[in-house]
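Below is one structure, written out as structure tokens, with a few remarks after it.
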There are 2 protein chains.
Amino acid sequence: VSDSLELSEYTGFFHQLADQAGEIGRHYFRTGVAVEQKADHSPVTRADREIEAALHAAIRAAYPDHGILGEEQEAHRPDAEWLWVIDPIDGTRAFIAGQATFVTLIALCHRGEPVMGIIDQPVVRERWLGGTGQPTLFNGKPVQAVPCKDIKNARIATTSLPYFDDHERAVYDQLAAQCAEIAPGQDGYSYGLLARGELDIVVDASMKPYDYLALAPVVIGAGGIISDWQGKSLNIHSAGDVVATGSTILYSSVINALSYSLPATP
Amino acid sequence: VSDSLELSEYTGFFHQLADQAGEIGRHYFRTGVAVEQKADHSPVTRADREIEAALHAAIRAAYPDHGILGEEQEAHRPDAEWLWVIDPIDGTRAFIAGQATFVTLIALCHRGEPVMGIIDQPVVRERWLGGTGQPTLFNGKPVQAVPCKDIKNARIATTSLPYFDDHERAVYDQLAAQCAEIAPGQDGYSYGLLARGELDIVVDASMKPYDYLALAPVVIGAGGIISDWQGKSLNIHSAGDVVATGSTILYSSVINALSYSLPATP
């Protein structure tokens, strides 16, 4: 499965979904849309809900046998062989504050593994599309992460400072202190920036499948690496700690750094 | 001094300066431009230096008697009656990471008080121009902060988390915990967002004159308030702690909150 011939059938549909999402996102951006708090105290707006509903409807119409897992709605056939995983607005806090760094994330998983993903910023119109065995496209053109080799020359970002536990925070701080630059974290958008060479390391924790699954094909198709902090590939069951780098050499050092002070497994 | 008739002579020149800066910023954006560390460990690039040099040259040619104070170059006639204060790239960390949230800040001060200021984001082409006695213009059209009245309904942002001392951090955390939303901080860009109603409170510390002077006319001309944490108007000699709100009622509560746990002055 998941060779590029099979996936190419989904390319047009991915663009169609992102176009639909973008239209709604632009419609509500900077309009003072009301914000509600969810049970976990994260914010949600009408824009998040409308985008997810639109994508659900489009996917169910086009692929009735596929499953759908999104941030806001109840899952549909979550055990299906093909599963669409949606974050209608990743970076809702940025969206609410009028910052065009929020993104829509859409992943297609086959038996739980992400095989295709899109990161779309609809206001400044930046779109990354990645799929297994294909070069990642940024606004239609292939892009590459940069092969930075050393932590000391790397630019790092995280959006998880408020979510790290003490241990994660200590490990992250230790890693970041060795880097050349600490860049502002921008949720999923950071992984797109890494995939076009603007960042070298992105580290996060407490991510949900809809936060990380779309990122994997984008990063991998740009020559980067993405996994959990222990080095395991991301899938629908991953714990939510995520690290991406632009090169394999850098990746080894970063994984070492992240596991450095981990307590021994009992 | 500083009535709108006198200031109107500078309007065209402000746009000209921002246009020049923007051309250089766009030229180097996302090109992997080399980053150097300054003595204070903050990053600087060729883009920062070229923009400041270009603005210095333009100002000296147009107003040879005026002074110029910038982030990167030595000051020119810093005691002049009219002083231009420049941050060529505010948010260099965002610039380096390919995020179009950096801004060029230019202020004109008369006897140390900011009377006109511009906040310019050249990639997505967003420009705020404010001057004493004039409505703030966003891309040529008047904009207004929103009159949020209560801290509990407010959206707050800071970019100073890494710079706050323990006391400032405690005071900020206490304030932010009462707000409806904590938005990502985006340096000077946040104050532009407040001036068009996307944020209600922005709090920072350890700012330099070139970081805060341009912000004041923009915020004030949009109906907002900006001062130091004690409520004093910003001028060239301010200490660098800055708070802005979109309404006067909110401002009083925020100033109270910021001074709440201040130790008594001896």
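The values are calculated or read from the model by the stated rules, or taken from the named source; none is laboratory data. All of these numbers come straight from a predicted model, not from anything done at the bench. As a convention, Cβ positions derive from the backbone with ideal geometry for all residues, glycine included, and neighbour counts pool all protein chains shown. Each accessible area value is taken on the protein alone, full model and side chains, heavy atoms only, with ligands, DNA and RNA left out. Shrake-Rupley method; radii C 1.70, N 1.55, O 1.52, S 1.80 Å.
Across the stretch A:159-166, a minimum of one residue is classified as within 12 Å of chain B (Cβ to nearest Cβ), among the hydroxyl-bearing types (Ser, Thr, Tyr) and not in a helix (DSSP H, G or I).
Hey, can you tell me all the residues within the stretch B:182-234 that are more than 19 Å from residue B:255 (Cα to Cα), among the basic types (Lys, Arg) and either assigned to a helix (DSSP H, G or I) or more than 12 Å from chain A (Cβ to nearest Cβ) (or both)? Selection gives B:208 alone. What's the number of the only condition in (1) within 13 Å of chain A (Cβ to nearest Cβ); (2) open to solvent by 80 Å² or more (accessible area, probe 1.4 Å) that residue B:6 fails to meet? Among (1) within 13 Å of chain A (Cβ to nearest Cβ); (2) open to solvent by 80 Å² or more (accessible area, probe 1.4 Å), the lone unmet condition for residue B:6 is (1).
Assess whether residue B:93 counts as being basic (Lys, Arg), open to solvent by 10 Å² or more (accessible area, probe 1.4 Å) and either more than 13 Å from every other protein chain (Cβ to nearest Cβ) or touching a residue at least 60 places away in the same chain (Cβ under 8 Å) (or both). Answer is no for this residue. Scanning the stretch A:44-54 for residues that are in contact (Cβ under 8 Å) with a residue 24 or more places away in the chain, of a type in the set (Gly, Ala, Ser) and more than 13 Å from residue A:27 (Cα to Cα) turns up just one, A:54. Consider the stretch B:147-167 and keep the residues that are within 22 Å of the chain's Cα centre (by Cα) and open to solvent by less than 30 Å² (accessible area, probe 1.4 Å). The one that is nearest to residue B:42 (Cα to Cα) is B:160.
Under the condition of being of a type in the set (Asp, Glu) and over 15 Å from residue B:102 (Cα atoms), which residue from the stretch B:20-51 is nearest to the other protein chains (Cβ to nearest Cβ)? Once the filter is applied, the top-ranked residue is B:36. Residues in the stretch B:185-211 that are within 14 Å of residue B:128 (Cβ to Cβ) and of a type in the set (Phe, Trp, Tyr): 2 in all. Taking the stretch A:29-59 on its own, how many of its residues are outside any loop (DSSP other than H, G, I, E, B), open to solvent by less than 50 Å² (accessible area, probe 1.4 Å) and touching an Asp or Glu at 6+ places or on another chain (Cβ under 8 Å)? Within the stretch A:29-59, residues that are outside any loop (DSSP other than H, G, I, E, B), open to solvent by less than 50 Å² (accessible area, probe 1.4 Å) and touching an Asp or Glu at 6+ places or on another chain (Cβ under 8 Å) number 5. Would you pick out the residues in the stretch B:93-150 that are assigned to a strand (DSSP E or B), farther than 17 Å from residue B:70 by Cβ and not aliphatic (A, V, I, L, M)? B:110, B:113, B:121, B:126, B:127, B:128, B:130, B:131, B:138, B:141, B:142 - these are the residues of the stretch B:93-150 that are assigned to a strand (DSSP E or B), farther than 17 Å from residue B:70 by Cβ and not aliphatic (A, V, I, L, M). When the stretch B:97-144 is filtered for residues that are within 12 Å of chain A (Cβ to nearest Cβ), within 19 Å of residue B:184 (Cβ to Cβ), open to solvent by less than 40 Å² (accessible area, probe 1.4 Å) and among the hydrophobic types (A, V, I, L, M, F, W, C), the ones remaining, listed by number, are B:97, B:100, B:102. When each of A:80, A:62, A:57 is tested for being farther than 23 Å from residue B:186 by Cα, free of Cβ contacts under 8 Å to residues at least 12 places away in the same chain and aliphatic (A, V, I, L, M), the lone residue that passes is A:57.
The set of residues from the stretch B:168-181 being open to solvent by 30 Å² or more (accessible area, probe 1.4 Å) and either closer than 21 Å to residue B:84 by Cβ or assigned to a loop (DSSP other than H, G, I, E, B) (or both) comprises just one member, B:180. If you check residue A:190 against the conditions, is it polar (S, T, N, Q), open to solvent by 30 Å² or more (accessible area, probe 1.4 Å) and within 20 Å of residue A:92 (Cα to Cα)? Considered against the rule, which asks whether it is polar (S, T, N, Q), open to solvent by 30 Å² or more (accessible area, probe 1.4 Å) and within 20 Å of residue A:92 (Cα to Cα), residue A:190 comes out as no.
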